[in-house]
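Engineer: First the structure, which I've put down as structure tokens, then a few questions once you've had a look.
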Amino acid sequence: MSNASHPAPISAIVLAAGLGKRMMPITATMPKPLVKVGGKTLIDFALDRLDEAGVETVVVNVHHFADMLEAHLRTRKMPHIVVSDERDAVLETGGGVKKALPLLGANPFITFNSDSIWIEGPQSNLARLKATWDPARMDILMLVAPLSTSVGYEGRGDFSMDPSGRLRRRKEDEMVPFVYAGVSIVKPELVAETPDGAFSANVFYDRAIANGRLYGLRLDGQWLHVGEPQAIAEAEECLAASMR
């Protein structure tokens, strides 16, 4: 559990620089993080969750329709937002985190995919993630959603989890119970030891797996995967039902 010698993360990065190709044609005229679900932009779902969880500084990386995204970010008062400008090159998820490292500080931080939304269970999932974080055992702690209750996801899962919470990747021919819900706590040292330039965040995950230090926390509630335009209506239906 988190304690005074292992403070919970107070900074985060929202990964918002992607081209959003699977969300075409909507993303032909706007960045995916500004797509609305139930009248609220995807990035505002992320920023509101982080603000509620007491995260003080949030880095947002920008590339696709960067001016439009920055204009939207300026309308927010909380949390404190710092932009990591990736207009010059697409750096992918891992490269984007690496470039932002100087803005994130020396402590473990939260990474948050800008399209990750969910309906909360009885407790805040980010609060649970922060409370479960144990840097003595973990290099990364991921929020993982059960396939059985997720909406809009049609894959075969990403990970299986042992009783201690340690994650193992899905083998090519199997189906596994959990999918990465787009949020994790990461040690900065793991990111620092990577080359600059474009690469996937899978590089971080694979290094943590190799050292037996990739852990998961089961999402409490319902994960809504908004990957393609047709997934928006389904997610809106679930959100509306949860408020009745």
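Engineer: Identify the single condition in (1) touching a Pro at 6+ places or on another chain (Cβ under 7 Å); (2) at pLDDT 95 or above; (3) not hydroxyl-bearing (Ser, Thr, Tyr) that residue 142 does not satisfy, given that it satisfies every other one.
Structural biologist: (1)
Engineer: Can you find even one residue in the stretch 226-233 that is over 25 Å from residue 102 (Cβ atoms), within 19 Å of the chain's Cα centre (by Cα), surrounded by 17 or more Cβ atoms within 10 Å (Cβ to Cβ) and without any contact (Cβ under 8 Å) to a residue 40 or more places away in the chain?
Structural biologist: Checked against the condition, which is being over 25 Å from residue 102 (Cβ atoms), within 19 Å of the chain's Cα centre (by Cα), surrounded by 17 or more Cβ atoms within 10 Å (Cβ to Cβ) and without any contact (Cβ under 8 Å) to a residue 40 or more places away in the chain, the stretch 226-233 yields no hits at all.
Engineer: Is at least one residue of the stretch 53-72 assigned to a helix (DSSP H, G or I) and within 19 Å of residue 228 (Cβ to Cβ)?
Structural biologist: For the stretch 53-72, residues assigned to a helix (DSSP H, G or I) and within 19 Å of residue 228 (Cβ to Cβ): absent.
Engineer: Can you pull out the residues in the stretch 1-15 that are under 19 Å from residue 97 (Cα atoms) and at pLDDT below 95?
Structural biologist: Hits for the stretch 1-15 are 8, 9, 10, 11.
Engineer: What are the pairs, 6+ residues apart or on separate chains, where a residue within the stretch 1-28 that is on the phi > 0 side of the Ramachandran plot and assigned to a loop (DSSP other than H, G, I, E, B) has its Cβ under 8 Å from a residue that is of a type in the set (Lys, Arg) and at pLDDT below 90?
Structural biologist: As it stands, the answer is none, since no pair meets every condition given.
Engineer: Spot the failing condition for residue 170; the list is (1) without any contact (Cβ under 8 Å) to a residue 24 or more places away in the chain; (2) farther than 24 Å from residue 92 by Cβ, and only one is missed.
Structural biologist: Going through (1) without any contact (Cβ under 8 Å) to a residue 24 or more places away in the chain; (2) farther than 24 Å from residue 92 by Cβ one by one, residue 170 breaks only (2).
Engineer: Now a separate question. As an exercise: evaluate residue 50 against (1) modelled with pLDDT of 95 or more; (2) of a type outside the set (Lys, Arg); (3) in a loop (DSSP other than H, G, I, E, B) and give the number of the one condition it does not meet.
Structural biologist: So residue 50 meets the others, but not (3).
Each row is one residue, and each column tells you yes or no for (1) free of Cβ contacts under 8 Å to residues at least 60 places away in the same chain; (2) under 30 Å from residue 196 (Cα atoms); (3) not charged (D, E, K, R).
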residue: 64; (1), (2), (3): yes, yes, yes
residue: 76; (1), (2), (3): yes, no, no
residue: 88; (1), (2), (3): yes, yes, no
residue: 114; (1), (2), (3): no, yes, yes
residue: 137; (1), (2), (3): no, yes, no
residue: 144; (1), (2), (3): no, yes, yes
residue: 158; (1), (2), (3): yes, yes, no
residue: 164; (1), (2), (3): yes, no, yes
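Engineer: Turning to a different aspect of this structure: Can you tell me which residue among 218, 244, 207 is within 30 Å of residue 38 (Cβ to Cβ) and touching a residue at least 40 places away in the same chain (Cβ under 8 Å)?
Structural biologist: After ruling out the rest, the residue left standing is 218.
Engineer: Still on this structure: How about the stretch 6-48: which of its residues are closer than 26 Å to residue 132 by Cα, touching a helix residue (DSSP H, G or I) at 6+ places or on another chain (Cβ under 6 Å) and not hydrophobic (A, V, I, L, M, F, W, C)?
Structural biologist: Of everything in the stretch 6-48, just one residue is closer than 26 Å to residue 132 by Cα, touching a helix residue (DSSP H, G or I) at 6+ places or on another chain (Cβ under 6 Å) and not hydrophobic (A, V, I, L, M, F, W, C), namely 11.
Engineer: When you scan the stretch 204-224, how many residues do you find that are within 19 Å of residue 46 (Cα to Cα) and either of a type in the set (S, T, N, Q) or not in a loop (DSSP other than H, G, I, E, B) (or both)?
Structural biologist: Selection size over the stretch 204-224: 6.
Engineer: Also: Write out, first by first residue and then by second, each pair whose Cβ atoms fall under 6 Å of each other, whose residues are 6+ apart or on separate chains, and whose first residue, in the stretch 33-55, is in contact (Cβ under 8 Å) with a residue 12 or more places away in the chain and closer than 15 Å to residue 235 by Cβ while the second is among the charged types (D, E, K, R) and outside any helix (DSSP H, G or I).
Structural biologist: Correct list of pairs: 42/115.
Engineer: I'd like the full set of residues that are under 24 Å from residue 45 (Cα atoms) and either aliphatic (A, V, I, L, M) or buried (at least 16 other Cβ atoms within 10 Å of the Cβ) (or both), limited to the stretch 188-203.
Structural biologist: Listed by number, the list holds a single entry, 201.
Engineer: Scanning the stretch 85-110 for residues that are charged (D, E, K, R) and touching a strand residue (DSSP E or B) at 6+ places or on another chain (Cβ under 9 Å), which turns out nearest to residue 206 (Cα to Cα)?
Structural biologist: Ranking the candidates gives 99 first.
Engineer: Further, regarding this structure: How about the stretch 116-185: which strands (runs of 3 or more DSSP E) wholly inside it have at least 2 residues that are surrounded by 16 or more Cβ atoms within 10 Å (Cβ to Cβ) and under 17 Å from the mean Cα position of the chain (by Cα)?
Structural biologist: Counting at least 2 such residues, we get 116-120, 140-146.
Engineer: If you take the residues in the stretch 48-75 that are in contact with an Asp or Glu (Cβ under 8 Å, 6 or more places away or on another chain) and of a type outside the set (A, V, I, L, M), which one is surrounded by the fewest Cβ atoms within 10 Å (Cβ to Cβ)?
Structural biologist: That would be 63.
The values are calculated or read from the model by the stated rules, or taken from the named source; none is laboratory data. As the structure is a prediction and not an experimental result, all values here were calculated from the model. Every residue, glycine as well, gets a Cβ built from its backbone with ideal geometry; the counts of neighbours run over all protein chains shown.
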